[in-house]
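K.L.:
Sharing a structure with you now.
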Amino acid sequence: MNSKRKVLVIGLDGFSPELMLSLTKRGVMRTVGGLLKKGAWGTLLSSCPPITGPAWVSFATGKNPGKHGVFDFVKPEKSLSRLRIVSSRDIVGTTFYELLERAGKKCVLINLPISHPPRLKEGVVIASLTSPSPESNYPRWIRSRVPELKEYRIAPNSSLLLRGKRKEYVRDIRELEAVRFRVAARALKEVEWDFFFLLFSGTDLVQHVLYDKLLEGSQDEVVREALSLYSDIDSYINELLRMVPKETITILMSDHGFKAFKGIFYVNEWLRQRDYLKAKVREEEEAPFTLFPESKKATRSLPGFAAKLAFTLMKTPLRRLSPVGMRLLGRLGFRISASMEVDVRRSRALMPTTEAMGLYINDDERFEDGIVSAEEARSLKEELLESLREVKIGGGEPAFKEVLDGLKLYRGRMARMGPDIVFRLGNYGVRKSIYPGTLWRGTPPSAIEHEEEGIIIAFGEGISAKRIRASIMDIAPTVLEIMGVTPPPDLDGRAIPQIVG
Ligand SMILES: [Zn+2]
């Protein structure tokens, strides 16, 4: 394609096809609704697991995690008990924006997860989720060129959510995104660019709390506040589109979708009950136990008295809780579970984080304190794959849609560093927490997690209204081709024909 073309990518984190269609139909997102009529659009398949960190790295590299080496927001540092946050240094290989820069193109990246420290020399990189601070912006002169950066934030005030102030929390996210938009609008005008990337994270944050309610079209005041976030973002998209030159190709996309699950399966507790994993009691100062609402009565009472009581009790170590207190909670419809944590040095297999959506075998080849020999690890994996595929919960439903062997799922020389077993979720989400005796539970409270299918809408000169079904790994070669740079042969993604022609 024409090498003079510019590309604008606007990301809406976690925006699902269902929510997009619902909000455009209800008139909450009129700009997006209009784009659906004139552009090519469809579903964009996320990485496996469909988690923000690895998904955006698959976007940036056009490769599967077996090649780029990012499987989670964290990475075991020679031990499954030492997890450190990943940075752009952990990305194996070259990103497409580096290739663009080598071809003389100017790139601007605003809030691209795992883009710090900057891998661009000439371009502009504004802080994202894994940056050390909101001031981690590159290069230094960007602060004077974009004064709006003074107010720029990466994350909302989550203490509002913890204190139950959900409406204020959503409003805080709206303010954060308003600043992000002003930063982007200023950068579009003041900075020279050929490729421009901007991600709105607020959609993901709000959906983790309200996804089911947003889909239901609830008239709750918190939901109404959240809907305003979507109409804000819709108007920001409209303004950005009016600012870019006519020959720009624009791609609107998300990194994964969302789903309200029927319940939660506690993977590490399943391993503990079968003796693959040992747990230890948490330190007293950390939340020592959790209350599970077991009946409708408990949910009804949650906002008031019970919530207050639960909060007080959360701070009370379990052994100090009186039998009277236990009985009282039981009558209110709650069950108490002590929360334990994985004793890594005594465990043969474990799920290190909820986001991992998979298991690592604690082998002594990869991990210094591993307790499983290489030979044992192979048979242990087979044994686990077989029994996990058989797990039925709820009314006899399989706990997972699929249980995959990591070495078959991932291709590339980093595949061995990822999880040995990866879950594809069906009707149940997974959590790493251990509440002895609780293998799974149904909702409430809601179990909202990421899902595989995100969205893509592409429009601009030469793109007609067609349907797309593509993978997040296809974006890198697509952008390269639009901008006249030949994609390297080792990419897993392919340029999307409905976009590049
Ligand atoms: Zn995400």
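Taken together, the values in this text are just the output of simple stated rules run on the coordinates, not laboratory data. Everything quoted here is computed from the prediction, not taken from an experiment. Here Cβ is always computed from backbone atoms with ideal geometry, including for glycine, and neighbour counts include all displayed protein chains.
K.L.:
In nm, give the distance between the simple-model label positions of R413 and K121, each being 7 Å from the Cα along the Cα-to-Cβ direction.
P.N.:
2.4 nm
K.L.:
Treat each spin label as a single point 7 Å out from the Cα along the C-beta direction, and report the K189 to S373 distance in nm.
P.N.:
6.9 nm
K.L.:
Please rank V342, V244, V170, fewest neighbouring Cβ atoms within 10 Å first, as an exposure proxy. Mind dumping the intermediate values first?
P.N.:
On the way: V342 23, V244 17, V170 26.
Neighbour counts put them in this order, fewest first: V244, V342, V170.
K.L.:
Sticking with this one: Where the centre of each part is set by its Cα atoms, how far does the range 200-265 sit from the range 50-73, in angstrom?
P.N.:
22 Å
K.L.:
Classify the range 1-121 as rounded, prolate or oblate from the Cα gyration tensor: take a ≥ b ≥ c as the square roots of its eigenvalues, call it rounded if a/c is under 1.5, otherwise prolate when a/b beats b/c and oblate if not. Could the numbers behind the result be given before it?
P.N.:
On the way: a/c = 2.54, a/b = 1.37, b/c = 1.86.
Note, shape of the range 1-121 comes out oblate.
K.L.:
Now for a separate question. Just to be sure I understand the curve: with the Debye formula and one point per C-alpha of the chain, what is log10 I(q)/I(0) at q = 0.06, 0.07, 0.09 Å⁻¹?
P.N.:
-0.29, -0.40, -0.66
K.L.:
Suppose R0 equals 30 Å. What FRET efficiency, 1/(1 + (r/R0)^6) with r the Cβ-Cβ distance, do S144 and N238 give to the nearest 0.05? Walk me through the numbers before you get to the answer.
P.N.:
Working: r = 28 Å, r/R0 = 0.94.
Here the calculated transfer efficiency is 0.60.
K.L.:
May I ask for the net charge around T354, where only other residues with Cβ less than 14 Å from the Cβ of T354 are counted and Lys, Arg are +1 while Asp, Glu are -1? Please report the intermediate quantities before stating the final value.
P.N.:
Working: positive: R431, K432; negative: D72, E269, E341, E355, E449.
Its environment carries a net charge of -3.
K.L.:
Okay, next question. Count charges around K75 for me, please; just the other residues with Cβ under 14 Å from its Cβ, Lys/Arg as +1, Asp/Glu as -1.
P.N.:
Net local charge, K75 excluded: +2.
K.L.:
Can you tell me the dipole magnitude for the chain around its Cα centre, using point charges on the Cβ only (Lys, Arg +1; Asp, Glu -1), in Debye to the nearest 20? Could you put the intermediate results ahead of the total?
P.N.:
Values: 77 positive and 63 negative charges, 208 e Å.
Computed about the Cα centre, the dipole is about 1000 debye.
K.L.:
Looking at the range 91-121, which trypsin sites (Lys or Arg not before Pro) are in a loop (DSSP not H, G, I, E or B) and have at most 13 other Cβ atoms within 10 Å?
P.N.:
Working: sites: R102, K105, K106, R119, K121; in loops: K105, K106, R119, K121.
Listed in order of number, the matching sites are K121.
K.L.:
In nm, give the distance between the simple-model label positions of K4 and E397, each being 7 Å from the Cα along the Cα-to-Cβ direction.
P.N.:
About 5.5 nm separates the two model spin labels.
K.L.:
Got a sec? How would I91, I85 order by Cβ neighbour count within 10 Å, fewest to most? Before the final figure, lay out each step's value.
P.N.:
On the way: I91 21, I85 14.
So the residues, fewest neighbours to most, are I85, I91.
K.L.:
What net charge do the residues around W56 carry, taking every other residue with its C-beta under 12 Å from that of W56, with Lys and Arg at +1 and Asp and Glu at -1?
P.N.:
Numbers: positive: none; negative: D13, D204, D255.
After counting each charged neighbour, the total is -3.
K.L.:
Oh, and also: On full extension of the chain, what length is gained from D220 through R389, given 0.36 nm per residue of separation minus the C-alpha to C-alpha distance? Don't jump to the answer; show the numbers that get you there.
P.N.:
Numbers: separation 169, 0.36 × 169 = 60.84 nm, distance 3.97 nm.
Working it through step by step, the gained length comes to 56.9 nm.
K.L.:
Would you mind ranking I154, I173 so that the residue whose beta carbon has the fewest other beta carbons within 10 Å leads the list? Walk me through the numbers before you get to the answer.
P.N.:
On the way: I154 19, I173 28.
Result, fewest neighbours first: I154, I173.
K.L.:
Expected output is a single nm value to one decimal: the length gained when fully extending between E135 and H208, i.e. 0.36 nm times separation in residues minus the C-alpha distance. What is it? Before the final figure, lay out the partial values.
P.N.:
Values: separation 73, 0.36 × 73 = 26.28 nm, distance 2.62 nm.
Residue separation times 0.36 nm, minus the Cα-Cα distance, leaves 23.7 nm.
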